[in-house]
Amino acid sequence: MTTATQRGLAPVRVVLDNGAVLIAKQSQTTPAVTIHAALAAGTAFDPPDHPGLAHFVSRTIDRGTLTRGADEIAEDLDRRGVSLATSVNRHALSLVCTCLVEDLESILAVLADIVRHPAFPDDEVRTRRAEITTLIRQDEDNPGAMAMEGVLADLYGATHGYGRRPRGSVESVEAIDRAALQRFHAARFSPGSLSLVMVGDIESARAVDAARAAFAAWSAPAPPPLELPAAAPASVRHVRVIPMMNKAQADIAYGFTSIRRSDAAYYAYWLMNNILGQYSLGGRLGDRIRERQGMAYYVFSALDANVIPGPLTVRAGVSPANVARAVASIDEELGRLAADGPTDTELQESKQYLIGSMPRTLETNAGIASFLQTEEFFGLGLDYDLRVPALLQAVTRDEVHAAARRTLVPAHATVVVAGPYAGDVR
């Protein structure tokens, strides 16, 4: 282990008087700085009467401010070779870009203007509305998207922050106007909801000073915390088929609610998911269903332990003729892991893989910035990168087995099949 690895990331964290969190990490990989701003304004904050509002805000927030038009912002960024990407998940709306070190102060000034003073011009709102409705219709024509949206709706309820369609519906998006976007911004955007990470070839003190100059004067009341009810784990099996008879492939989404990220069993679940099939070509699912049986175009599992117990899902794409067999095979693999637990070899190899792959996630400034945002969001501590190997190594085979027994119960699974299929799935 190198000295640098032993030191870990060791970022600098500063909280401004207005509540904004600034995190800076000097990295000399490239002569550039990645800026990752996240605000507590994700899709789970959508008002009940405006599903899709947070996503709409993410598509329009950079399309002009009170003092800069959309073209002016685009030209200013383009002149410096900067591309600004906006995205949104359940809990956060993010803006990410990479700039040269000498442009940091200028880019932070533009970013602060976008975050603090978006204008949501009517013409841009109309344009983005048309784009979003197109995306929704594309989702509705995509068996994979429909299966995943369906399983989340069935697990959490269609009006729950984890069960709602993140883009909303065509009808809800048509009802979103400039006033709705402004209300959401006023309600959710404040310095107290901002986490700003800067990673690059610049001294941390200078990066913090630049961010302080851009955001310290921002004053707005902190938004109330989000109170999401936890979904009760299913006690019976639920199966639903979404017929899409004009498609060639059927997509399966098979899931359970799992645990909170703060649960002490998280690391056992992380290992369990890796053993099951976190990566499409590896794990039990990929080996048995795709490689040995040749039934799936893809198959993998995903764990989203979150603020509340998040979903653990299995996804598979299959020929319509193989739907029932594929679901039965998923049942069998999950049941076997729950009954017998992992082998010692599986557990050791998964530990080695997850620990060994972590440095690869931190090879780029963007990767480090994303890691630090996750670290901040879940309150994992500034030394979390150093503690991960020991946390994983401490997990026992019995703990992984207990995680599997607790969650992987096929008789309690929620299964959604979307595609050219009208048969019976039990």
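Read-outs: derived from the displayed coordinates by stated rules, not from any lab. Remember, predicted model here, so these are calculated numbers, not experimental data. So basically every Cβ, Gly included, is an ideal-geometry build from the backbone, and we count neighbours across all protein chains shown.
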Quote the Stokes-Einstein diffusion coefficient, in whole µm² s⁻¹, for the range 110-248, based on the Kirkwood radius over alpha carbon pairs, a temperature of 37 °C and a viscosity of 0.692 mPa s. 173 µm²/s
Starting from the Cα of GLN348, move 7 Å in the Cα-to-Cβ direction to define the label point; list residues of the range 377-410 whose amide nitrogen is under 14 Å from there. 397
THR313 neighbourhood, Cβ < 13 Å, K/R = +1, D/E = -1, net charge -3
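If R₀ is 51 angstrom, what is the calculated FRET efficiency for the pair THR67 and ARG260, using the beta carbon separation as r and rounding to 0.05?
On the way: r = 42 Å, r/R0 = 0.83.
Efficiency for this residue pair is about 0.75.
Give me Rg over Rh for the chain, both radii from the alpha carbons and Rh done the Kirkwood way, two decimal places. Write down the numbers at each step before the final one.
Working: Rg = 22.7 Å, Rh = 23.1 Å.
Taking Rg over the Kirkwood Rh, I get 0.98.
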Using alpha carbons only, how many angstrom separate the centre of the range 211-259 from the centre of the range 46-80? 23 Å
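Can you compute the equivalent ellipsoid semi-axes for the range 54-95, i.e. the square root of 5 times each eigenvalue of the Cα gyration tensor, sorted largest first and rounded to whole Å? Provide the component values of the computation, followed by the final result.
On the way: eigenvalues 89, 32, 7 Å².
Those come to 21, 13, 6 Å.
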Compute the helix-to-body angle for 143-156: its Cα long axis versus the longest principal axis of the chain, expressed 0 to 90° and rounded to tens. 90 degrees
If you bin the C-alpha pair distances of the range 315-426 every 10 Å from 0, what whole percents do you get? 12, 28, 26, 26, 8, 0
Once the Cα atoms of helix 70-79 and of the chain are each reduced to a long axis, what angle between those two axes, in degrees from 0 to 90 to the nearest 10, is obtained? 90 degrees
I'd like the orientation of helix 323-340 relative to the chain: the angle between its Cα long axis and the longest Cα principal axis, in ° from 0 to 90, rounded to 10. 90 degrees
The range 11-215: Cα Rg divided by the 2.2 N^0.38 Å rule of thumb: 1.07
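When you have a sec, figure out the Kirkwood radius of the range 247-312 from all distinct Cα pair distances and drop it here in Å to one decimal?
Working: mean 1/r = 0.0789 Å⁻¹.
Hydrodynamic radius (Kirkwood, Cα pairs) of the range 247-312 is 12.7 Å.
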If only Cα atoms are counted, what is the Rg of the range 238-419, and what is its Dmax, in Å? 17.1, 52
Of the listed peptides 45-56, 178-189, what is their order by residue-averaged count of other C-beta atoms within 10 Å, with the highest listed first? 45-56, 178-189
